[in-house]
Amino acid sequence: GQQLNQSPQSMFIQEGEDVSMNCTSSSIFNTWLWYKQDPGEGPVLLIALYKAGELTSNGRLTAQFGITRKDSFLNISASIPSDVGIYFCAGNNNNDMRFGAGTRLTVKP
Amino acid sequence: NAGVTQTPKFRVLKTGQSMTLLCAQDMNHEYMYWYRQDPGMGLRLIHYSVGEGTTAKGEVPDGYNVSRLKKQNFLLGLESAAPSQTSVYFCATRGSSTDTQYFGPGTRLTVL
């Protein structure tokens, strides 16, 4: 089956630093999405990408859909304590959505 | 407008017991999904539904059954629970014109 490799697994950063995480796949996806999950809650969509090469921003978040359609990255600029959580990438083909294992972000004040 | 709700929030079962998890949505979405999330892993799709009366298998369907008798509800059943089914189960929905899935708060299931 389609596997998504997400890295890094975890990050410990200082408040104000920028963060970058990425996701790669051996398969092509039509859509890439980035979700954030807080403890005890379901994932919440941050950014959705629909075209190869697309670069999309949502506030301090920026994500790109790789040209090969097999990868995506998410950047968070000027991190703040509430950015703490687990970030998941997801690749979607119709109703078959596959998730990465997540990047656990810790932000130290 | 509650969005996506899941009941129960927590449940402990003994091996061999059965139970049904309920997902309800008030967003009039066509598509509904059941995922499981295990430690250190992303979510994996169990079953999904593209509309009332229809269901389909996802990545890890074995040991589960689903039903979508009403558009707003998607039920996930475990006929004979096994310890390997200990997990957090998430329901999600999406409208027909978007790839965006909206997730419920999850059900934490432990099978002893």
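What follows is calculated from the coordinates using simple rules that are stated; it is not laboratory data. Predicted, not measured: the structure shown is a model, and the values here were computed from it. Every residue, glycine as well, gets a Cβ built from its backbone with ideal geometry; the counts of neighbours run over all protein chains shown.
Assorted remarks:
- Cα gyration tensor, the range A:31-82 - rounded (a/c under 1.5), prolate or oblate: oblate
- Packing-based exposure ordering (other Cβ within 10 Å, fewest first) of A:Trp34, B:Trp34: A:Trp34, B:Trp34
- Other residues lying with their Cβ under 13 Å from the Cβ of A:Gln64 contribute a combined charge of +1, Lys and Arg counting +1, Asp and Glu -1.
- Take every pair of alpha-carbon atoms less than 8 Å apart whose residues are at least six positions apart; their mean separation over the length of the range A:1-84 yields a relative contact order of 31 percent.
- Dimensionless Rg over Rh [chain A; C-alpha; Kirkwood]: 0.96
- Taking only Cα atoms of the protein assembly as shown, radius of gyration then Dmax in Å: 17.4, 51
- The range B:4-44 versus the range A:21-55: alpha-carbon centroid distance in Å: 21
- Neighbourhood net charge (13 Å Cβ-Cβ; Lys/Arg +1, Asp/Glu -1) for A:Pro109: -2
- Calculated P(r) of the range B:53-112 - Cα pairs past 19 Å, %: 37
- Counted by neighbouring Cβ atoms within 10 Å, the residues A:Val107, B:Val12, A:Val84 run from fewest to most as B:Val12, A:Val84, A:Val107.
- Here the spin labels are modelled as points 7 Å beyond Cα on the Cα-Cβ line, and at A:Glu15 and B:Val12 they lie 3.9 nm apart.
- For chain B, the residue among B:Leu43, B:Tyr64, B:Gly16 whose Cα projects farthest onto the positive side of the dipole built from Cβ charges is B:Gly16.
- For the range B:37-48, the Karplus equation 6.51 cos²θ - 1.76 cosθ + 1.60, evaluated at θ = phi - 60°, returns couplings of 10, 10, x, x, 10, x, 6, 10, 6, 8, 9, 8 Hz by residue, with Gly and Pro reported as x.
- Cubic angstrom per residue, convex hull over Cα atoms of the range B:19-67: 98
- Under the Debye formula (equal points on every Cα, no solvent term), log10 I(q)/I(0) of the range B:1-82 at q = 0.14, 0.25 Å⁻¹: -0.48, -1.34
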